[in-house]
Every structure is written in structure tokens, then in C-alpha cells.
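Q: Can you read through this structure? Questions will come right after.
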Amino acid sequence: MNFIDFSLKLNNFPISKAQEKLKAIQELNNKEYALNIEKQKKEIVNYHLENNSFYNNLVKNKDWTWNSLPVLTKKDLQVPLKNRLSKEYSLKNIFKNKTSGSTGNPFYFAKDKFSHALTWSVIKNRFNWHDLYNKKQARFYGIPNDFFGKSKEQIKDFFLNRYRFNVFDLSDSALENWISIFKSKKFIYLNGYTTVLVAFSKYLIAKDITLKQLCPTLKACVVTSEMLFDNDKKNLEKGFGVKIINEYGASELDLIAFQDNNNNWIINTETLFVEVLDDNNKVLNDGEVGNLIITSLYNKAHPFIRYKIGDKGALKKINSKKTILVKLEGRSEDLVKLPSGRVAPGLTFYYITKSIMEDSDNIKEIKIVQTKLNAFKIYYVANTILQNTKKEIISKALIEYLEPNLELEFIYSEKLERTKSGKLKQFTSLLKEL
């Protein structure tokens with residue numbers, strides 16, 4: 001038994017039961033699978049209507065149909081956790097955690113122990129697609145600053161066969177130290193924040209180094225938590241010399257999508273029900289981009305039913321068992337509102353700027369902040385300060401793709417501000433209303 005399974009059992013998480021459940025779901029045929037999803041949707045709603053006063057108060061029509069149920073947002077859930085728990089659960093018999101708050105809306109959430117064990121079962125299943133589960137991991141995540149939190153993570157890293165790198169320092173001296181560590185340790189895969197790993201890969205490319213040459217045991221790189229653009233993926237492949245696997249998840253829910261060996265981003269339909277809705281909460285067709293709305297089918301401790309996670313994306317349903325996430329556009333609250341009244345995804349602005357600035361191979365990281373309707377600050381880390389000619393090229397591109405008369409301020413920085421967990425929020429709007 002690996003340490004994760006042993007630790008879960010030690011803390012009364014029914015991991016064996018959860019793994020058996022996951023296997024039973026996966027063995028259903030297409031017709032049985034579809035019926036099981038509908039059954040679980042009905043059961044989880046009825047459970048929370050009967051046992052969770054918080055959710056019961058939100059559902060006005062008790063003779064509900066699925067589309068009549070409210071769409072929950074993080075704002076709806078920002079009340080004390082004890083007020084959101086189902087009646088047979090308390091703060092003592094649940095799994096409790098807190099979201100990172102990278103979108104500005106952190107909150108505590110809960111899972112019952114079986115639901116949390118199912119989460120780990122799905123993670124184990126997906127990582128085993130690539131033979132990575134429980135293998136030596138180079139971990140590029142943040143770590144708490146307080147002694148207790150930091151010590152806890154370091155102990156977990158030791159037993160979980162992980163070596164954690166400091167993502168808060170991306171200086172050349174720090175990256176050189178990372179290189180020396182890869183020379184001395186037999187890592188199987190890298191796992192961590194996209195922006196950090198991209199910065200590392202660019203440094204390797206600039207030095208004409210491929211990480212797999214330094215660490216021949218390396219097989220893959222799993223990126224998570226932040227958007228992965230095509231150019232970034234190419235940099236990762238070139239700098240690391242291994243396959244790149246895209247993971248999409250949310251701590252309050254589960255692993256939502258994971259890339260298979262055919263580079264398809266497979267939706268977790270075993271424990272989640274994922275919908276795509278427009279801004280009026282109407283269901284969109286396959287391939288149409290809208291708000292990702294997710295239901296946790298087995299979490300009885302806390303209702304995540306038709307939960308608006310804050311991301312936009314598009315799905316393609318292959319059959320009852322297989323759905324592909326064909327597009328992910330990032331946070332819906334990160335929108336650019338322009339003087340003309342036009343609204344665009346924040347990542348559009350970021351992508352235009354980033355793609356042009358990368359032509360020089362000078363820029364390491366970028367962060368865009370909208371301060372007024374027509375004003376943006378572009379913070380960047382680079383080998384040298386941008387010349388006026390490069391700034392003019394960026395300004396012209398923004399006129400072409402967005403609109404004229406936008407004020408841009410370029411700010412050279414030694415280091416970009418990150419969240420407490422180490423994530424780089426790539427676009428931020430300071431406008432109060434979007």
C-alpha cells in the first residue's frame with residue numbers, strides 16, 4: 001500500500017471503498033452510465049433538500065427540475081462553513097480546506113470523507129494513465145509561511161516522494177540551483193503552476209539545455225492552476241524534453257479534466273456533472289463557450305450543486321462516458337471592459353500582449369492590470385527593459401484587436417506579485433463593475 005492510501009485509511013477516509021466505487025462506475029456500459037448520472041443528480045439534490053437547511057433555503061421550488069435549480073456562486077457560499085454543512089456532519093467529521101483565493105473570493109469548503117476519498121481515487125486513476133502516481137515528483141507549488149503550515153507540507157512532501165521548489169524566487173541564481181538539483185535527483189515528473197514552469201523552461205532554452213538530458217529519468221510535466229497557451233506548451237516541450245500533461249481541477253470539487261495519452265482533455269464524469277451555460281443560465285450546445293457549471297455528485301457534507309466555478313469553456317460529448325473539454329478560457333470575472341462598451345476576456349488582452357512580447361525572447365513573465373476603462377499597466381520581468389519600438393508594436397496590435405485610444409504603461413519589475421499560494425494572476429481588473 002502506498003503512503004497516500006495508508007494515510008487516508010489512518011484518518012478514517014474509506015479509500016478502498018472509494019476505489020471500488022470508481023471501478024464499478026467505470027465498468028458500466030454507456031446506457032447504464034447515463035442512467036447512473038441522472039440517478040446521482042437526483043439523489044444528491046434530494047439529500048441536500050432534506051438534510052441541508054442552507055441549500056433548502058436557496059431552492060424556492062421544491063417540485064424542482066434540474067434547470068430550475070439555482071446556480072451557486074462563490075459569493076453565495078461566503079457564509080460560515082458550519083452554516084453550510086448537512087445536519088449529520090460537523091467540523092469534526094469532515095474534510096475541511098480553503099480555496100486559494102486567487103480570484104479574490106476565497107472560502108472554506110467541506111467534503112464528507114467518502115467524497116474526499118473518491119477525489120483521491122480519481123487522481124490516482126488519472127495519473128496512472130501516464131504511470132506517474134506516487135512516483136518521484138519535482139513539485140512547483142507554493143508553501144505556507146507559518147511554521148506549522150510549512151512543516152506540515154514538508155512532512156507530506158517527504159512521505160509522498162516529492163521535492164518542493166521555491167516558486168517565489170525565479171532569479172537566475174535560483175534557477176541555476178534548480179538545474180543542479182535535477183542533476184542529482186531521479187525525478188519522474190514535474191508538477192506545478194504553469195507560469196513558474198514556463199519561466200524555468202525559457203531559462204533552460206536560453207542556456208541551450210534540455211532538462212531530460214540533465215535528468216534522464218524524467219518522463220512528463222503536469223501543469224495546473226493557470227492557463228496553458230500553445231506557445232507556452234511549445235516552450236515547456238522544448239525546455240524539458242518530455243510530454244506536457246494539462247490538468248484542470250478545483251480544490252473544492254475534484255479533478256475536473258485531465259489529458260489522456262491522445263492529448264484529449266477528458267472531463268471527470270465519474271464524480272462530477274459538468275454543464276456549460278450562458279449568462280442567463282441557459283444550456284449551450286456542444287462547442288459553444290460559456291460558464292462552466294459543476295455539480296459534485298457524491299459530496300453529502302456540503303452542496304456543490306450547479307456551482308459556477310468562475311471559468312469559461314466548451315465541451316464536446318463523445319458518448320455517455322466520455323466528454324472532452326475542448327476549450328478553457330479562464331476566469332469569467334477577469335473581463336476587459338473598454339470605453340466603447342465592448343467586453344473581452346482578460347486573457348485575450350494578455351495573450352495579444354504576451355505573444356508579441358515573446359518575439360524578442362526577452363520577456364520572462366507578464367501581468368496585466370486594468371486601472372481605468374482605457375488604462376492598463378503591463379508589469380513585466382525581462383532580461384532588459386523594453387525599447388520604445390517594441391512598445392509601439394504592442395500598442396498597434398491592441399488597436400487592431402481591441403480598439404484605439406488605450407493608455408498603456410509598461411512597468412519593468414524584478415519580480416511579479418503572486419498570491420500567497422504562489423500563483424501568478426495574469427490579468428486583473430480594478431474596475432468595480434464590469
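The values are calculated or read from the model by the stated rules, or taken from the named source; none is laboratory data. It should be emphasised that the depicted structure is a prediction, and the values quoted were computed from it without experimental measurement. Neighbour counts are summed over all protein chains in view; Cβ atoms, including those assigned to glycine, are modelled from backbone coordinates with ideal geometry.
Q: Looking at region 136-161, which of its residues are more than 22 Å from LEU424 (Cα to Cα) and either buried (at least 18 other Cβ atoms within 10 Å of the Cβ) or of a type in the set (Phe, Trp, Tyr) (or both)?
A: Correct list: PHE147, PHE148, PHE158, PHE159.
Q: Still on this structure, please answer the following. Please work out which residue is modelled with the lowest pLDDT, limiting yourself to region 166-203 and to residues that are assigned to a helix (DSSP H, G or I) and under 21 Å from the mean Cα position of the chain (by Cα). Working first, answer last.
A: Quick first cut of region 166-203, residues assigned to a helix (DSSP H, G or I) only: 172-184, 194-203.
When the remaining residues are screened for being under 21 Å from the mean Cα position of the chain (by Cα), the result is 194-201.
Numbers: THR194: 85, THR195: 79, VAL196: 84, LEU197: 90, VAL198: 88, ALA199: 84, PHE200: 91, SER201: 94.
Filtering first and then ranking leaves THR195.
Q: Report, by residue number, each residue of region 226-245 that is at pLDDT 95 or above and either part of a strand (DSSP E or B) or under 19 Å from the mean Cα position of the chain (by Cα) (or both).
A: LEU236, LYS243, ILE244, ILE245
Q: Further question: Which of the numbered conditions does LEU28 fail, given that it passes all the others? Conditions: (1) in a helix (DSSP H, G or I); (2) in contact (Cβ under 8 Å) with a residue 24 or more places away in the chain.
A: Going through (1) in a helix (DSSP H, G or I); (2) in contact (Cβ under 8 Å) with a residue 24 or more places away in the chain one by one, LEU28 breaks only (1).
Quick grid of which residues meet (1) closer than 29 Å to ALA110 by Cα; (2) modelled with pLDDT of 95 or more:
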position: ALA250; (1), (2): yes, no
position: ASN261; (1), (2): no, no
position: ASN299; (1), (2): yes, yes
position: LYS327; (1), (2): yes, no
position: SER332; (1), (2): yes, no
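Q: Something else: Answer yes or no: is there a residue in region 68-88 that is in a loop (DSSP other than H, G, I, E, B), over 13 Å from PHE304 (Cα atoms) and at pLDDT 90 or above.
A: Scanning region 68-88 turns up at least one residue that is in a loop (DSSP other than H, G, I, E, B), over 13 Å from PHE304 (Cα atoms) and at pLDDT 90 or above.
Q: Then there is this: Looking only at region 249-305, which residues are of a type in the set (Phe, Trp, Tyr), in contact with a Leu (Cβ under 7 Å, 6 or more places away or on another chain) and either assigned to a loop (DSSP other than H, G, I, E, B) or closer than 24 Å to TYR193 by Cα (or both)?
A: Hits for region 249-305 are TRP265, TYR298, PHE304.
Yes or no, residue by residue, for (1) in contact (Cβ under 8 Å) with a residue 12 or more places away in the chain; (2) surrounded by 19 or more Cβ atoms within 10 Å (Cβ to Cβ); (3) not β-branched (Val, Ile, Thr):
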position: GLU226; (1), (2), (3): yes, yes, yes
position: PHE229; (1), (2), (3): yes, no, yes
position: GLU247; (1), (2), (3): yes, yes, yes
position: SER251; (1), (2), (3): yes, no, yes
position: GLU270; (1), (2), (3): yes, yes, yes
position: ASP286; (1), (2), (3): yes, no, yes
position: ILE294; (1), (2), (3): yes, yes, no
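Q: Another question, if that's okay. If the requirement is being closer than 24 Å to GLY249 by Cβ and not β-branched (Val, Ile, Thr), which of these qualifies: LEU204, LEU190, LEU175, LEU214?
A: Going through LEU204, LEU190, LEU175, LEU214 in turn, the sole match is LEU190.
Q: List pairs: first in region 149-167 and closer than 15 Å to ASN134 by Cα, second hydroxyl-bearing (Ser, Thr, Tyr) and part of a helix (DSSP H, G or I), Cβ under 8 Å, 6+ apart or cross-chain?
A: That search, which allows pairs on different chains as well, returns PHE159/SER7.
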